[in-house]
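Worksheet: one structure, shown below.
The values are calculated or read from the model by the stated rules, or taken from the named source; none is laboratory data. As the structure is a computational prediction, the values presented were derived from the model and not from experiment. Glycine also receives a Cβ, built like all others from the backbone with ideal geometry; neighbour counts cover every protein chain displayed. These accessible areas exclude ligands, DNA and RNA; they are computed on the full protein's heavy atoms, side chains included. Shrake-Rupley method; radii C 1.70, N 1.55, O 1.52, S 1.80 Å.
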Amino acid sequence: MVNERITENIVREKLKKLNYYENENLIIDEQISSNENIRNLLKFSSKSGKGNGKPEFIIWHKNKNLVIVLECKYNIKNHISENLDLPKDFAVDGALHYASSLKEKYNVIAIGVSGKNPENIKISAYSWLKNDQRYISRNFNDLVGFDEYLTIFESTKQDINEQELIKYSRELHNAMRDEAKLKETEKPLLVSLLLLALNNDSFRKQYKSILNSNILADNILMFIRMALENSKLDNNKIKVLNREFQVVVKKQELLKGEIIPNDSSYNNNLLYKFLIDLEEKVYPFMKQVRNIDLVGKFYSEFVRYTGGDGKGLGIVLTPKHITTLFAKLADINYKSTVIDICAGTGGFLIAALDKMFTDKTKDLSVKEINNIYSKQLIGYEIQDDIFALACSNMIIRGDGKTNLFCKNSLLESPKEINKKFHPNVGLINPPYSQKKDDQKELKFILHMMNSLSKGGIGVGIVPVSAILSRNKKSFNTILKKELLENHKLEAVISMPEELFYPTATLSNLCTFIKGLRKAW
């Protein structure tokens, strides 16, 4: 406790330099607030579970509905825990613990500060909208002025509505195609990397002052690299994402043209124009957890325009109404652990996520939401660029830690997959018409089912030709025999021929139950 006074003094000096103490509208309390409403909210929020909560710093404004709560730790090792559930021992955990009580009546900025030297101090900030389900990580490199925190909750511009947002997704797609000359996979990658950059508060504050397009591109990459590293992604995932992002943001068409500050007209630099437009039209929706799904709709709509059916991406996108149907047939709820061993852009995982979050049997806690993101969604995708899209798809929806892997799922042992993740739901649209026997559609279905826990539900789309195979020596017949011997076929639904228009494929939707026999 004595050592923490050193960290607290560092915070006081930073607040002084930012003129917090000189602002007559700001009140800076320590331990106990002079605001009766704040005191009441913290009345039973002690980090030990007993008594009043006493944050190191409580900053509130006389006329604004925003409270800043800061917790300090002397040792950087006590900055943040793995699951953010140890408020007594970690700075960030403690700040979020107090914020969870304060958000009942206030918008809250929760800040964890750790370290003993001003040069090596570690600071993490989170915003928690009043009455929202969950906090959002903010990407400030340091403490900033009160007004900057306030802009997170109070937009200076009129937010566009959902219909306008979806309309803009088509306009943006066309501009990236016609003006920037981007390839099919490059367009959604550019959208995702620019949104990730804009989600960094420090980048958003400074990028408009950068008038050199190459320097702007380098800054985008630098801030994204920082965000990915801070999100605790594994190094291999970060490596793939950085590589794919760097290729697209350095495209010559994006770097041409003069940058005119705050101007998004087509006559100027396209990279700058896209940033300005996205900040104005899409970023406001990213400030609130309850609106993350709208950002996801915008992104999904954008991807849909890319090649229409997704064939321009080198894959066939599963229509959203089908991914939603899969999630319903599998009876997914907030307890489900879902795997897709051919994840593509993540459509099935997104459908599963939506079903978990809309489970009416449970009002999800912050811990349960974090658990869904970090442990209950598993995906494999072999193509680097498509894997990058899947990661972006999840990160844009407020994630970053979903178990997505850039590798061939068929090379992973089903037994090991089950031992590590314990999935009880499998959803899959396997790649069609693979010539190799070990990559047949039923091979993927069997591999998925073998990876599930006993009694788990698997749902997949299979070509009719694979199901009707009668040649006893054909690999499809062998696979079908093994599948039906070890797992129970629950239902078969004939799908319309135009399901993957313009590709005409007769297919069936099949649901299976993981059999009592171990197929390992």
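Taking the range 1-117 as the region of interest, none of the strands (runs of 3 or more DSSP E) fully inside it holds 2 or more residues being within 19 Å of ASN131 (Cβ to Cβ) and open to solvent by 40 Å² or more (accessible area, probe 1.4 Å).
Pick from the range 175-206 the residues that are assigned to a loop (DSSP other than H, G, I, E, B) and acidic (Asp, Glu): which of them is least open to solvent (accessible area, probe 1.4 Å)?
Among them, the one singled out is GLU184.
Can you give me the number of residues within the range 315-348 that are outside any loop (DSSP other than H, G, I, E, B) and over 20 Å from LYS514 (Cα atoms)? Explain how you work it out, then say what you get.
Taking the range 315-348 as the starting set, the residues that turn out to be outside any loop (DSSP other than H, G, I, E, B) are 320-329, 338-340, 347-348.
Right, trim to over 20 Å from LYS514 (Cα atoms) and you get 320-324, 347.
Going through the range 315-348 one residue at a time, the tally reaches 6.
Of everything in the range 207-246 that's exposed (fewer than 14 other Cβ atoms within 10 Å of the Cβ) and in contact with a helix residue (DSSP H, G or I) (Cβ under 8 Å, 6 or more places away or on another chain), which residue is nearest to GLU381 (Cα to Cα)? Residue satisfying both the conditions and the ranking: ARG243.
Residues ASN370, ASN424: which one is modelled with pLDDT of 80 or more and under 26 Å from ILE513 (Cβ atoms)?
On the way: ASN370 fails: under 26 Å from ILE513 (Cβ atoms).
From the options ASN370, ASN424, the qualifying one is ASN424.
Residues checked against (1) within 34 Å of the chain's Cα centre (by Cα); (2) closer than 23 Å to ALA327 by Cβ; (3) of a type outside the set (Gly, Ala, Ser); (4) at pLDDT below 80:
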residue	(1), (2), (3), (4)
ILE461	yes, yes, yes, no
THR477	no, no, yes, no
HIS487	yes, yes, yes, no
PHE500	yes, yes, yes, yes
THR503	yes, no, yes, yes
LEU516	no, no, yes, yes
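Being outside any strand (DSSP E or B), under 13 Å from the mean Cα position of the chain (by Cα) and not acidic (Asp, Glu) is true of ALA388.
With respect to the conditions (1) out of contact with any Gly (no Cβ under 8 Å at 6 or more places or on another chain); (2) part of a helix (DSSP H, G or I); (3) within 26 Å of PRO431 (Cα to Cα), MET394 lacks only one, and its number is (1).
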